[in-house]
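To start, the structure itself, in C-alpha cells.
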Amino acid sequence: MILKISAVLIILSLISSVFCGREKDLMDAFFGGGFDTVSYCLKIGGSICLFSGFMQIAEDSGLVRQISKIFKPLVRIIIPSALIDPETESAVVMNISSNLFGLGNAATPFGIKASQNIYKLNKLPAPNRSFASFIVLNTSSLCLIPTTVITLLKSYSASDPYAILLPVILVQLVSCICGLLLVRVVFKE
C-alpha cells in the first residue's frame with residue numbers, strides 16, 4: 001500500500017512540476033538528494049557508531065542488568081508483559097536506554113526484538129495494553145540527550161546546538177505521558 005501511495009506522490013510531483021514550470025527545481029532536488037543523503041550518513045554515522053559501541057560495552061559489562069534493575073519497577077507498571085522472560089526484559093531495557101541517550105537508530109533493533117517477543121510470548125490475537133504501551137514508549141522515544149539532533153546541529157555550525165535540550169525533553173515527556181494515558185483509556189484490561 002505504501003508503495004502505491006509513494007508512486008502516486010512521485011507521479012503527481014512530476015506532473016505538477018511540468019505544469020508549474022519548475023522542472024529544473026525538480027531535477028536539482030532529484031540529483032541533489034543522493035549527495036545530501038550521503039553527506040547526512042557521513043555526518044551522523046560516527047556518533048551512531050560511537051554510542052552503539054557504548055551500548056554494546058554496557059551490555060557486555062553487565063551495566064544493562066543494573067539499568068534493568070532500576071527500570072524494572074517502571075517496566076512492571078507500564079509493560080508487565082515484558083517481564084515474562086529475561087530476553088524480552090533485556091530488549092525492552094536496551095530500547096529504553098538507547099532512546100534515553102538519543103540513539104533512536106540503535107534502539108530500533110531492540111524495539112523490534114522486544115515487540116516480537118511480547119507479541120509471541122503472550123500469544124496475542126491483537127495488541128494488548130502492554131504491547132500498545134511499549135509501542136507508545138518506543139515511538140515517543142523519550143531522551144535525555146538528543147545526540148542525533150545535536151550532532152546534526154553541530155555539523156551545520158549552529159551557534160548553540162545544546163539550546164534544544166530542554167524543549168526536546170519537555171515535548172517528548174508530554175507526548176509520552178499523553179500517549180500512555182490514551183493507551184490506558186483505549187485498553188481497559
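Of all lysines in the structure, the ones whose alpha carbon falls short of 26 Å from that of LYS113, not counting any fewer than 8 places away in one chain, are LYS69, LYS72, LYS123, LYS188.
Quick one: pull the percent of accessible area on the chain belonging to carbon and sulfur, 1.4 Å probe, ligands and nucleic acids left out. Working shown, then result.
Details: 8620 of 11920 Å².
Taking all protein chains in place, the chain shows 72 percent carbon and sulfur surface.
Kirkwood radius for the chain, taken over all pairs of different Cα atoms as the inverse mean of 1/r, rounds to 19.1 Å.
Between VAL92, GLY46, GLY21, whose Cα lies farthest towards the positive end of the dipole of the chain when Lys and Arg beta carbons carry +1 and Asp and Glu beta carbons carry -1, centred on the Cα centre? Going by the charge dipole, the pick is VAL92. Counting only residues at least eight positions apart within a chain, or on another chain, the aspartates and glutamates with an alpha carbon under 12 Å from that of LYS120 are ASP85.
Normalised by the number of residues in the range 37-114, the mean separation of alpha-carbon contacts (under 8 Å, six or more apart) gives a relative contact order of 27 percent.
When each full DSSP H helix of the chain is screened for a Cα extent of at least 24 Å along its own axis and an average Kyte-Doolittle hydropathy of at least -0.5, the helices passing are 2-19, 23-61, 104-121, 165-186.
Defining a contact as two alpha carbons under 8 Å apart and six or more residues distant in sequence, what relative contact order in percent does the chain show? Don't skip to the answer; put the middle values down first.
Values: 154 pairs, mean separation 36.9, N = 189.
Computed value for the chain: 20 percent relative contact order.
For the pair LEU121 and LEU165, label points projected 7 Å from Cα toward Cβ lie 3.5 nm apart. Listed by chain and number, the lysines placed with their C-alpha closer than 22 angstrom to that of LYS154 are LYS43; residues fewer than eight positions away on the same chain are left out.
Taking 7 Å steps out from each Cα toward its Cβ at PHE187 and ILE57 produces label points 3.6 nm apart. Of the peptides 69-82, 169-182, the order by per-residue mean of other Cβ atoms within 10 Å, starting with the highest, comes out as 69-82, 169-182.
So what is the accessible area of the chain per residue, in Å², with the probe set to 1.4 Å?
On the way: 11920 Å² over 189 residues.
It amounts to 63 Å² per residue over the chain.
The values are calculated or read from the model by the stated rules, or taken from the named source; none is laboratory data. Computed from a predicted model, the values in this text were never measured in an experiment. Reconstructed Cβ throughout: ideal geometry from the backbone, glycine too, with neighbour counts over all protein chains shown. We work out accessible area using only protein heavy atoms, side chains counted, and drop any ligands, DNA or RNA first. Shrake-Rupley method; radii C 1.70, N 1.55, O 1.52, S 1.80 Å.
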